[in-house]
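Since the structure comes first, as structure tokens, the remarks are kept for the end.
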Amino acid sequence: MTTPIPRTEQGAARDAAVTPVPPTHHPGYWDDVFAKGTQFRPVSEDELGWFRAHTRPATGMTAIDVGCGRGDLAHTLAEWGLHTTGYDFSPLVVKEAAETYSHPRLRYREHDFNAGAIPNDLAPESVDIVVCRLVLAFLDRARFLTDVRRWLRPDGVLYVMTPVYEKQPETAHRGVREEVIAGLGDGWAETTRYDLCDDGCVTAVVLRGPQDCCVPT
Ligand SMILES: C[S@@+](CC[C@H](N)C(=O)[O-])C[C@H]1O[C@@H](n2cnc3c(N)ncnc32)[C@H](O)[C@@H]1O
């Protein structure tokens with residue numbers, strides 16, 4: 001018979017360091033968040049105006065909204081004439097989005113961008129606009145940016161909107177660090193950045209034209 005080795009505080013800390021899967025990587029975490037009625041920064045008219053100016057959406061284009069939440073922006077894109085799929089890994093919020101919005105060019109699908117196999121409908125060079133709004137902080141960034149580059153057409157656009165970590169109070173979700181945001185444009189033909197609040201606490205980066213080179217991590 002073997003005697004179990006007692007866990008020390010140090011050992012527990014080491015285990016935690018080896019398996020650092022944050023709670024936000026689990027769909028159940030987000031089911032709870034949405035079940036509580038939590039609201040996120042709404043899509044303002046200003047944000048929509050800047051989004052239009054920089055991503056240049058057009059009728060007939062294809063768009064995906066990664067981590068679409070309640071589906072508001074995906075629905076707007078469909079109304080603008082884009083064939084749009086909103087993906088989220090929270091079953092609860094995908095159901096809510098599908099029940100809230102119905103449009104012939106819009107659908108919602110359950111998918112985990114970190115752990116799921118790539119859906120068949122996300123074929124290489126098949127997407128014009130990828131939306132990543134208030135989600136990048138929760139994704140496996142290296143995988144996501146590699147996947148997006150594959151899905152986008154040569155002139156395709158990735159829209160990232162995120163809180164800036166350094167400019168947030170010490171709450172649970174502080175967004176993406178400035179250093180990472182600054183590096184997002186590596187390997188893209190065109191990068192545009194603009195802030196969505198006066199002190200730069202929330203920022204948008206529009207990346208156009210994935211190039212055949214380096215992928216930021
Ligand atoms: C802060 S909310 C933002 C929702 C929406 N994009 C918005 O702007 O209101 C983050 C969303 O990302 C989703 N999410 C987080 N990690 C995900 C993953 N690995 N795959 C798919 N969705 C994910 C969550 O379920 C949640 O709906």
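A few points about this structure:
- Assigned charges on the beta-carbon of Lys, Arg, Asp, Glu; the stretch 22-210 dipole about Cα centre (debye): 340
- Among beta bridges that DSSP assigns inside the chain, antiparallel share in %, nearest 5: 40
- Compared with the direct C-alpha span, the chain from residue 143 to residue 189 gains 14.6 nm at full extension, assuming 0.36 nm per residue.
- Calculated FRET efficiency for the pair residue 98/residue 199, C-beta based, R₀ 25 Å, to 0.05: 0.10
- Length gained when the stretch residue 212-residue 21 is fully extended (0.36 nm per residue, less Cα-Cα span): 65.7 nm
- Neighbour-limited loop hits for trypsin sites (Lys or Arg not before Pro), the stretch 32-132 (at most 10 other Cβ within 10 Å; DSSP other than H, G, I, E, B): 36
- Potential lengthening between residue 58 and residue 179 on full extension [0.36 nm per residue; Cα-Cα distance subtracted]: 40.3 nm
- Dipole magnitude (debye, nearest 20) for the stretch 60-131, charges at Cβ of Lys, Arg, Asp, Glu: 120
- Directionally averaged projected area (the chain, Cα convex hull): 15.4 nm².
Only the coordinates and a few stated rules stand behind these numbers; no lab work does. Every value quoted in this text rests on a predicted model; they were computed, and no experiment measured them. We place every Cβ from the backbone using ideal geometry, glycine too, and count neighbours over all the protein chains shown.
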